[in-house]
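Read the structure below first, then the notes.
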Amino acid sequence: MRMIWWCFRRRSGTIFLQKYNRASILIPNAIRFYEKRACSLIREKYGLARGEYILYVGRISPEKGTLDLVEGYRKAKTGKKLVLVGPLDDSEYCRTVQQQAQNDPNIIMTDYLVGDLLKELYSNCGLFVLPSHTEGLSLSLLEALSIGARCLVSDIPENTVVTDIYGAAFKPEDTDDLARALERECAQEYPDAMRQQQIQYIHTNFEYDVMLDRYEEVYHHVVGDPLKAMPSTLKKGRVPAGAKA
């Protein structure tokens, strides 16, 4: 937990200090957790079976690399369908992705989804892919990791600092490398022990309660309460010099 937190702080803090000459505190995104869902609604609506599809969730836009995923998928031989979840708009990019998808019966575009349908898609995907060219801290990636999905991401720091050891990566904007990665990841079993470790890793680092503690620590720091401003994991133990118990 401390290592992932340190990596986030170090990268963002260095950028902020260099540009604005100010110290900074980074509190990353957080998510709510839910139990895995059986493959029911998505089987009825889309004809999908557990483990038999690759999933993308996000905007259908250039910076998200959605077209890269479609092109990489069409080059690869995975034996799985591709499901793209995201709002459909009238942009030229989105229309291009839709045209590509219409030419392939194994590509499903669902439009915007929330609720049980989306939870089922996360719970039963064979592989979750995030092909972003640029990223902040993707909530969809956190949600996929939190449910135990095997994840493949573009090799940019904003993605790989989150996946840590629990995901594979490919060269961003390289559809040939993406195709190879899709074939490799779809051909391998994901050990259940690794899956459970991944779920625990996300619970430990990105759960709402953890981030609420971070905010509380910052507020206590601002008002000058050094003991309560200490990181939660350090509160149990000795009181630092000058701090009031």
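Nothing in this text is a laboratory measurement; each read-out follows from the coordinates by a stated rule. Not measured: the values here are computed from a predicted model. In this analysis, Cβ positions are derived from the backbone assuming ideal geometry, glycine residues included, and neighbour counts consider all displayed protein chains.
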To the nearest 0.05, how large is the calculated FRET efficiency for SER91 and ASP155 if R₀ is 30 Å and r is the Cβ-Cβ distance?
0.70
Residue separation times 0.36 nm, minus the C-alpha to C-alpha distance between LEU117 and GLN98: what's the value?
4.8 nm
Computed label-point distance, nm, for sites ASP225 and GLU63 using a 7 Å Cα→Cβ extension:
3.7
Each label sits 7 Å from Cα toward the beta-carbon; between TYR34 and TYR20 the label points are separated, in nm, by 3.5
Note the full-extension length gain between GLU183 and ARG50 as 0.36 nm times their separation in residues minus their Cα-Cα distance, in nm to one decimal.
46.1 nm
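Taking the Cα centre of the range 31-206 as the origin, how large is its charge dipole in debye, to the nearest 20, when only Lys and Arg (+1) and Asp and Glu (-1) carry charge on their Cβ atoms?
Taking the Cα centre of the range 31-206 as origin, the dipole is about 580 debye.
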For the peptides 152-163, 210-221, what is the packing order when you average, over each peptide's residues, the other Cβ atoms within 10 Å and list the highest mean first?
152-163, 210-221
